[in-house]
Amino acid sequence: MLWAGSGEQQARNSLRQALVDIRRLFPSTGDEAIRLEGNADTIWLAANADEADIWIFDQKIQADDGESLATAADFYRGDLLDGVSLPHEIDEWLAPFRANYTRKALDLAERLSLLPELGSRQEQAC
């Protein structure tokens, strides 16, 4: 997907070099909040649940209180990775995730609009 026009060996070499570059960006002390992890077949970026905004958003939208829902709304900044230039294949792969988070944000907006305490806060602000 990342090096679609390359042969397998060239793609592996490109991946290897990209990983060297990425590892330079992340500490390797073993206790970092965001880190690169992997095994023989898969590599991923791992983060503690309180470090990744998308995970905090997912956690907060599960709550029933207005404060948590308002916090979730503060974390939503538009379409997932909007404005990030990505290869077409990755953009296509990302499309269902974007749609899912757009739906979650719309559901969140509806839930927030139904909370009475938010209405009273808006009246107090006027």
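The values are calculated or read from the model by the stated rules, or taken from the named source; none is laboratory data. Only a predicted model underlies this, so the values are computations on that prediction, with no experimental measurement involved. Neighbour counts are summed over all protein chains in view; Cβ atoms, including those assigned to glycine, are modelled from backbone coordinates with ideal geometry.
Here's a check for you: in segment 70-98, which residue that is small (Gly, Ala, Ser) and not in a loop (DSSP other than H, G, I, E, B) is nearest to residue 52 (Cα to Cα)? Don't jump to the end; show me each part of the working.
Narrowing segment 70-98 to residues small (Gly, Ala, Ser): 70, 72-73, 78, 83, 85, 95.
Filter once more, keeping what is not in a loop (DSSP other than H, G, I, E, B): 70, 72-73, 95.
Numbers: 70: 17, 72: 12, 73: 15, 95: 20 Å.
Only one residue fits best here, namely 72.
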Which pairs have Cβ atoms under 7 Å, sit 6 or more apart or on different chains, and link a residue in segment 95-111 that is closer than 18 Å to residue 63 by Cα to one that is in a helix (DSSP H, G or I)?
108/69; 108/72; 108/73; 111/69
Residue count, segment 46-69, condition at pLDDT 75 or above and either β-branched (Val, Ile, Thr) or not in a loop (DSSP other than H, G, I, E, B) (or both), comes to 14
Need the failing condition index for residue 29 against (1) outside any helix (DSSP H, G or I); (2) at pLDDT 90 or above; (3) among the hydroxyl-bearing types (Ser, Thr, Tyr), just the number.
(2)
